[in-house]
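Structure, as structure tokens:
The values are calculated or read from the model by the stated rules, or taken from the named source; none is laboratory data. Keep in mind the model is a prediction, meaning the values are calculated, not measured. For neighbour counting, all protein chains shown are included, and Cβ atoms are generated from backbone atoms with ideal geometry for every residue, glycine included. The protein model used for the area step is the full one, side chains on, heavy atoms only, and it has no ligands, DNA or RNA in it. Shrake-Rupley method; radii C 1.70, N 1.55, O 1.52, S 1.80 Å.
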Number of protein chains: 2
Amino acid sequence: MSSSRATLIEVAKLAGTSKTSVSRFFGPERDKLSSVLQSRIEQAAQSLGYQPNLMARGLKGGGSRLLGMLVADIRNPFSVAIVHGVELAARAHGYSLIVCNTDNDPEQEQKHLASLAAYQVEGLIINAAGQPEPQLQALMKGGIPLALLDREVRQLDAKVIGLDNVLAIDMALDHLVQQGYRSVLYVSETPEHASARLERLKRFNQQAEALGLDSQTLVLSSLAEHSAIPILKAFAEHPTTVPKAVLCANGNATLAMVRSFQHLGLAMGPLGLIGIDELDWCELVLPGITTLAQPTDVIGHAAIACLLNQFPQRARELPVQYRHPPTLITRGSTTFPG
Amino acid sequence: MSSSRATLIEVAKLAGTSKTSVSRFFGPERDKLSSVLQSRIEQAAQSLGYQPNLMARGLKGGGSRLLGMLVADIRNPFSVAIVHGVELAARAHGYSLIVCNTDNDPEQEQKHLASLAAYQVEGLIINAAGQPEPQLQALMKGGIPLALLDREVRQLDAKVIGLDNVLAIDMALDHLVQQGYRSVLYVSETPEHASARLERLKRFNQQAEALGLDSQTLVLSSLAEHSAIPILKAFAEHPTTVPKAVLCANGNATLAMVRSFQHLGLAMGPLGLIGIDELDWCELVLPGITTLAQPTDVIGHAAIACLLNQFPQRARELPVQYRHPPTLITRGSTTFPG
DNA sequence: ACCTACCTTGGGAACGTTCCCATTTAGATT
DNA sequence: AATCTAAATGGGAACGTTCCCAAGGTAGGT
């Protein structure tokens, strides 16, 4: 017995059959074998502790059973939740996932894309950091299914899966209006490289006007984190008779705003606060932060389904929903006193 | 020009040389080639957009350049921070990382381990959920380097990398004592399957006694989340003259305790609170939660170094530190008024 | 009894790479 | 000038699998 892993041929020899039959046993053609042979192979494989070598399988057109995923920021809890959903779904369909984190760096993104291609992934789920259109175009031409997560890539004909941004903004504004707020400050990270941010911002401007709200926007720059504080201060102190609220476009914006609220000693509620993305701590920061939670598992599942539908051999289409509705979680931060 | 990916042979043909030379160009023997040939190959590869097929390479003993990582709970922000650190280090050494999440389920763990083996990973970083000793034993015998993260596996002769648990508990208790607290409730998730939890608990009992503290422990069960509340209540209301504090063994325990504090209307500070693991929101929950931050990037780096040192061909040893000291971040939750 | 058809099984090539070894060429030493 | 050594290059086998096609066997229909 060698210390190294057993191969197909060794199993075949032990079972007194050919490598082809053993190969069939581990593939989708198992039932073409007689039950006698099946059990002989099963026993031999068991006793050798045989495990198919997926590298070899990947080489000879059998498919690598690998999916690649590119995440812009793995330290964002929301991204992690999505990764978790995608992994669950991938596993359920017999695929493994290579997760690569780009830290929002287009250069890293290029490198990761190259190495994922080198691993012959059968599909790619991409939460783009930059606009890697040329590489993705090439991969698509090579027949690799793609699904974009949350952010579209210009000029690229691939589906985008994510939150229903229009609905999310509408729900947030409806809730604020219903709670009595009439003036809203919209806070977002820089929208340039993320289409979801752009969609939300655009809809905010549009809908705030339609509802006749007093509106203002604040774009956070990661470079000058503290530049947000004077703007929030000005917004909070601006003399007006109507109740005011802050709407945060994602979890990071919410985090930055809560820090700013505390820095300025502002109370949540009197000055409203609502954020897209539900995070662990939103219920802990008193009086609790109202959020719109994204259905992360569902989104992950949809991304995999979208990929699977693009496989040529697949017979029936799995249903895929591209835009997903959030869930409103109401807490104290959007209760105007009195 | 085919739509499929270019191969070594096509590059060789275009460059007017042999596949061996092209192979050398992309391997570690590049400088054995004359500079003329090198530039010819470089140009040919460029123009065909050639990318080595890592599956084929992995097959013929060239190494898959893949590392596998098993994470017990990917939704724990601390785990993610470690993954991030490991990924950074892996990438820096030219390896890619397959991250598998076991959701603390030993059965999932077995499956993932099998599939990582099938992908011919060259090394494994394992944050164990159960005690997968037999499989790991087999992998080690097969020559696959292992590094354990945070949790040891019984009977397995592999290095464990993680926090210096003894030091962490000592630092926490020293800080509490220094702040005037004399009675401590230690809160941990169930320590059965995680050696780090066990080490911390053991050291707590030992050191609390050495320091002459009034001590008590509370083991959280994920099944009965609310069972913690009456115990905390009893601890808080127990009549005594000395200041009391709660020490949380990890981020999850801290989260549960903060929820319980709020549920019971307890103020942090008068009843002290300190936790191991630094999280985004610890500064946001007023008056701020004192924590011991783990050096996650450093730990990730150490894990990779540990792996690399086990590769047979490697000449010099990289220095590896197995136990890492935390950093104390002092906030209001451990300030006793007056 | 024979042909046809199907079901089961096995042999061989191919996938794209790396590695071993053989060959060529050039430079150095006697 | 002849030989030796080292460097540069190429040819072929091997890695473990899947897929194509062929071969043998068993039935069913004529």
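Here are some notes:
- Against the conditions (1) within 12 Å of DNA strand C (Cβ to nearest atom); (2) in contact with a strand residue (DSSP E or B) (Cβ under 6 Å, 6 or more places away or on another chain); (3) not basic (Lys, Arg), residue A:9 satisfies every one except (2).
- In the range A:143-156, the residues that are touching a helix residue (DSSP H, G or I) at 6+ places or on another chain (Cβ under 8 Å) and either surrounded by fewer than 17 Cβ atoms within 10 Å (Cβ to Cβ) or away from chain B (no Cβ under 14 Å) (or both): A:145, A:146, A:147, A:149, A:150, A:151, A:152, A:153, A:154, A:155, A:156
- Any chance residue B:15 is within 12 Å of DNA strand C (Cβ to nearest atom) and of a type in the set (A, V, I, L, M, F, W, C): no
- Helices (runs of 4 or more DSSP H) fully within the range B:1-87 counting 1 or more residues that are more than 16 Å from DNA strand D (Cβ to nearest atom) and surrounded by fewer than 17 Cβ atoms within 10 Å (Cβ to Cβ): B:35-48
- Some residue of the range B:39-47 being in contact with a helix residue (DSSP H, G or I) (Cβ under 9 Å, 6 or more places away or on another chain) and more than 16 Å from DNA strand C (Cβ to nearest atom): yes
- Scanning the range B:48-95 for residues that are basic (Lys, Arg) and closer than 17 Å to residue A:64 by Cβ yields B:57, B:60, B:65.
- Filtered residues of the range A:257-304 (kept if open to solvent by less than 20 Å² (accessible area, probe 1.4 Å), of a type outside the set (Val, Ile, Thr) and in a helix (DSSP H, G or I)): A:257, A:260, A:261, A:281, A:282, A:300, A:302, A:303
- Being buried (at least 17 other Cβ atoms within 10 Å of the Cβ), under 30 Å from the mean Cα position of the chain (by Cα) and of a type in the set (S, T, N, Q) is a property that holds for residue A:188.
- Residue within the range A:70-89 that is over 14 Å from the mean Cα position of the chain (by Cα), more than 10 Å from DNA strand C (Cβ to nearest atom) and within 13 Å of chain B (Cβ to nearest Cβ) present: no
Yes/no matrix, rows are residues, columns are (1) within 8 Å of chain B (Cβ to nearest Cβ); (2) surrounded by fewer than 22 Cβ atoms within 10 Å (Cβ to Cβ); (3) at negative phi; (4) outside any strand (DSSP E or B):
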site	(1), (2), (3), (4)
A:97	yes, no, yes, no
A:104	no, yes, no, yes
A:112	no, no, yes, yes
A:121	no, no, yes, yes
A:125	no, no, yes, no
A:131	no, yes, yes, yes
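- Count of the range B:237-256 residues which are more than 22 Å from residue B:279 (Cα to Cα) and open to solvent by 30 Å² or more (accessible area, probe 1.4 Å): 6
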